[in-house]
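Undergrad: Here it is, the structure, as structure tokens.
The values are calculated or read from the model by the stated rules, or taken from the named source; none is laboratory data. This is a predicted model, so every value here is computed, not measured. Positions of Cβ are backbone-derived with ideal geometry, glycine not excepted, and every protein chain shown enters the neighbour counts. Note: accessible area is taken over every heavy atom of the protein model, side chains too, but ligands, DNA and RNA are not part of it. Shrake-Rupley method; radii C 1.70, N 1.55, O 1.52, S 1.80 Å.
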Amino acid sequence: MLTILEKVLDPTTVRRFREALDRADWEDGLRSAGSLAGRVKQNRQLPEDSATARELGQHILRVLGGHPLFMSAALPDRIYPPRFNLYSGGGHYGAHVDNAVMLVGPERRVLRSDLSATLFLCNPADYDGGELTIETSFGAQSVKLAAGDMVLYPSSSLHRVTPVTRGARVCAFFWIQSMVRDDGERTLLFDLDQSIQALTAANAAPEALLPLTGIYHNLLRRWANV
Ligand code: NI
């Protein structure tokens, strides 16, 4: 499932992020690529230990913790501290699959990447190219979102970033280990939760909502790994 979350960050916050990122020291993105991905990757990233990356990343995690659509779609167990990348001057990232298992922080805690997230920090009009193209069972989907919007997609999918031929594309990116590892099961739970929310908003009778809510929690109990 591919999920778009609109306005995760408001315009004022995006502006503050961009000002901090403009002042930051960027490094070659090859430093964090595996040998296979390194052959197709050309971009810049903030170092993992950058104070700016840490501060902005924590802000993103705080916002997502109170974001009902994110919680419903991702059912997060653990989240990789957000990182930041910059593509310009033809920068691109060819087709690749993200690493399945990652080590987080100095204590090198293990994280399984179930979902990948890209949070756009530039408006599409400010650069040409830079589409995130994701292979799905319905064919390739191209994603280029407004500043502050975010896409969630299965980490198992083949994806790439097309060359940025004008301007610069700045994004935050990170991975999520979900309580529900299987994308199909997680999608069913998301659809059920969204239906319950819609029925609640439409003032559906509580006696009709109760069994559906029960089914949601009992499926989650069955599928969640905690
Ligand atoms: Ni990737």
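Undergrad: Quick one: if you take sqrt(5λ) for each eigenvalue of the C-alpha gyration tensor of region 123-226, what semi-axes come out, biggest first, whole angstrom?
TA: Numbers: eigenvalues 249, 61, 26 Å².
One finds semi-axes of 35, 18, 11 Å for region 123-226.
Undergrad: Helix-only mean residue ellipticity at 222 nm, the chain, DSSP H runs n ≥ 4 weighted -39,500 (n - 2.57), per residue, nearest 500. What is it? Present the calculation step by step, with values, prior to reporting the outcome.
TA: On the way: 6 runs with 76 residues, N = 226.
For the chain, the value works out to -10500 deg cm²/dmol.
Undergrad: Collect residues whose amide H, placed 1.01 Å from N in the peptide plane, falls under 5 Å from the amide H of Leu115; neighbours closer than 5 in sequence don't count.
TA: Ser155, Ile176, Ser178
Undergrad: Moving to a separate point now. Quick check on region 183-223: take the gyration tensor over C-alpha atoms, sort the square-rooted eigenvalues as a ≥ b ≥ c, and tell me if it's rounded (a/c under 1.5), prolate or oblate.
TA: Details: a/c = 4.40, a/b = 1.65, b/c = 2.66.
In terms of gyration-tensor shape, oblate.
Undergrad: How much of the accessible area of region 183-223, probe 1.4 Å, is carbon plus sulfur, in whole percent? All intermediate terms of the calculation are to be shown ahead of the outcome.
TA: Working: 1670 of 2680 Å².
Carbon plus sulfur share of accessible area: 62 percent.
Undergrad: How long are the three semi-axes of the equivalent ellipsoid of the chain, in whole Å, if each is the root of 5 times an eigenvalue of the C-alpha gyration tensor, listed from largest down? Mind showing how you got there, number by number?
TA: On the way: eigenvalues 200, 73, 61 Å².
For the chain, the semi-axes come out at 32, 19, 17 Å.
Undergrad: Taking +1 at the Cβ of each Lys and Arg and -1 at the Cβ of each Asp and Glu, which of Thr162, Gly214, Gln45 sits farthest along the dipole of the chain towards its positive end, judged by Cα position relative to the Cα centre?
TA: The listed residue farthest towards the positive side: Gln45.
Undergrad: Rounding to the nearest 20 debye, state how big the charge dipole of region 3-178 is about its Cα centre with +1 on each Lys and Arg Cβ and -1 on each Asp and Glu Cβ. Working shown, then result.
TA: On the way: 20 positive and 19 negative charges, 27 e Å.
Here region 3-178 has a charge dipole of around 120 debye.
Undergrad: Now, a different point. Would you please name the trypsin sites (Lys or Arg not before Pro) within region 105-164 that are DSSP coil residues with at most 10 other C-beta atoms within 10 Å of their C-beta?
TA: On the way: sites: Arg108, Arg109, Arg112, Lys144, Arg160; in loops: Arg108, Lys144.
Of the trypsin sites (Lys or Arg not before Pro), the ones in loops of region 105-164 whose Cβ has at most 10 other Cβ atoms within 10 Å are Arg108.
Undergrad: Within region 135-226, which chymotrypsin sites (Phe, Trp or Tyr not before Pro) sit in a loop by DSSP and count at most 16 neighbouring Cβ atoms inside 10 Å? Before the final figure, lay out each step's value.
TA: On the way: sites: Phe138, Phe173, Phe174, Trp175, Phe190, Tyr216, Trp223; in loops: Phe138.
Answer by residue number: Phe138.
Undergrad: If you roll a 1.4 Å probe over the heavy atoms of the protein chains, what accessible area per residue do you get for the chain, in Å²?
TA: Working: 11640 Å² over 226 residues.
For the chain, the per-residue accessible area is 51 Å².
Undergrad: Let me ask something else. Please report, largest first and rounded to whole Å, the three semi-axes of the ellipsoid equivalent to region 13-91, where each semi-axis is the square root of five times an eigenvalue of the C-alpha gyration tensor. Each step should come with its number before you reach the end.
TA: Details: eigenvalues 120, 61, 26 Å².
Calculated on Cα positions only, the semi-axes equal 25, 17, 11 Å.
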